[in-house]
Amino acid sequence: MPTTPRTTLGATGPATSALGLGCMGMSDLYGPADEAESIATIHAALDAGVTLLDTGDFYGMGHNELLIHDALRGRNREDVQISVKFGAQRSPANDWLGYDAGPAATKSSLAYTLRRLRTDYIDVYRPARLDPNVPIEETVGAIADLVKAGYVRHVGLSEVGADTLRRAAAVHPISDLQIEYSLISRSIEAEILPTARELGIGITAYGVLSRGLLSGHWSPDRELAGTDFRGHSPRFQGDNLTHNLTLVEALRAIATAKGATVAQVAIAWVASRGEDIVPLVGARRRDRLTEALGALDVELTPADLAAIEAAVPAGSAAGDRYAAAQMAHLDSEH
């Protein structure tokens, strides 16, 4: 496997790998996963120089954090950067109940996270979404208290807009914004990305393969487990899926000409958008991880980028990223 290059998350964030591993699918939302294979995949990522592990305390209701603890057993904690999202509320039946990013919930959530991960600190701690009932200044202020106390090293944000970025950065330096960014999810380019760059805030890009749609491995007749949220995602439904897969085939022609896979070109495209962008890959198996790491060897020339733009223009995907009830509110009225 290639040795993963190093970078930093924004102007004030930690030194980390230029590619991160998103661990959500190992515990939740994409149907059943093999725990032993998940741990082996984390081990393979670490051995290849991937040091950024992204999780959320609500992924499998704590299961993902416990899984990461098991995977890191015997490893040097200082060699790994753990990014944790908090605030999403779940029921025992897996229902989404809303968000709580108030100061008390912020500090309480971290206490449970530290215990599950068996660690003394979290590298980057961030609310999963903007809580419409809590000014972002209060949430960031609570995390800043945790930074002062040594429990958190850096403050991050997730799925927020440009105005919220400015207000949050006025309270405490923000290392990075975690937000969806891929060839078919490019809405951050208009305002959010320029604002982040103005403020020295890095981007950790999730959904770089649009939840498997851009992997090159998706088929229209794929059967999904009842717990796989893609069964309700607009981009995976009916005519939307048919249209979106034609975009994938156009991308496949470009990838084949370069001796790469569709997934590798899609990841390389996100990485090409700037040194301040760290793609997160959601590999649950070692073979998928190996494929994703191969993107590090894919150099996209100006001609390649022009061909990709022509094949998959901005705004060309059919269907929203999420069902309406799950869409993030990128800025609040506070």
Label points 7 Å out from Cα along the Cβ direction at R166 and S187: separation in nm? 2.0
Counting other Cβ atoms within 10 Å, which GluC sites (Glu not before Pro) in the stretch 23-121 have at most 13 and lie in a DSSP loop? none
DSSP bridge orientation in the stretch 1-117 - percent antiparallel, rounded to nearest 5: 45
Quick check: residue separation of E299 and D145 times 0.36 nm, minus the Cα distance between them. What number comes out in nm? 51.2 nm
With DNA, RNA and ligands ignored, accessible area of R167 (1.4 Å probe; Å², nearest 10): 40
Considering the chain as a Gaussian network with a 10 Å cut-off on Cα pairs, which listed residue, D57, D304, D28, attains the greatest mean-square fluctuation? D304
Residue by residue through the stretch 92-99, what is 3J(HN,Hα) from phi via Karplus (6.51 cos²θ - 1.76 cosθ + 1.60, θ = phi - 60°)? Round to whole Hz and write x for glycine and proline. x, 8, 6, 5, 8, 9, x, 9
Which order do Y59, Y112, Y151 take by accessible area at a 1.4 Å probe, largest first? Y112, Y151, Y59
For K148, which aspartates and glutamates qualify as cross-link partners when the Cα separation must be under 18 Å and same-chain residues fewer than eight apart are set aside? D120, D123, E137, E138
Calculated mean projected area of the Cα convex hull in nm² (choose from (i) 15.5; (ii) 20.3; (iii) 16.5), label: (i)
Scanning the chain for helices, which whole DSSP H stretches are 20 Å or more long along the axis (Cα) and average 1.6 or more by Kyte-Doolittle? none
Dipole moment magnitude, nearest 20 debye, the chain about Cα centre, only Lys, Arg, Asp, Glu C-beta charged: 480
How much accessible surface does D70 have with a 1.4 Å probe, in Å² rounded to 10? 60
Report relative contact order for the chain in percent, whole number only (criteria: Cα-Cα under 8 Å, sequence separation at least 6). 21
Whole-angstrom gap from the stretch 252-299 to the stretch 41-97, using each part's C-alpha centre: 22
Mean residue ellipticity at 222 nm from the helices of the chain, using -39,500 (n - 2.57) per DSSP H segment of n ≥ 4 over the full residue count, to the nearest 500 deg cm²/dmol? -10500 deg cm²/dmol
Exposure ranking of M26, M61 by accessible area [1.4 Å probe, largest first]: M61, M26
With +1 on each Lys and Arg Cβ and -1 on each Asp and Glu Cβ, and nothing else charged, work out how big the dipole of the stretch 105-157 is about its Cα centre, in Debye to the nearest 20. 280
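The values are calculated or read from the model by the stated rules, or taken from the named source; none is laboratory data. These numbers come from a predicted model, not from an experiment. All Cβ positions, glycine included, derive from the backbone under ideal geometry; neighbour counts span all protein chains shown. Accessible surface is based on the protein model in full, side chains and every heavy atom, while ligands, DNA and RNA are left aside. Shrake-Rupley method; radii C 1.70, N 1.55, O 1.52, S 1.80 Å.
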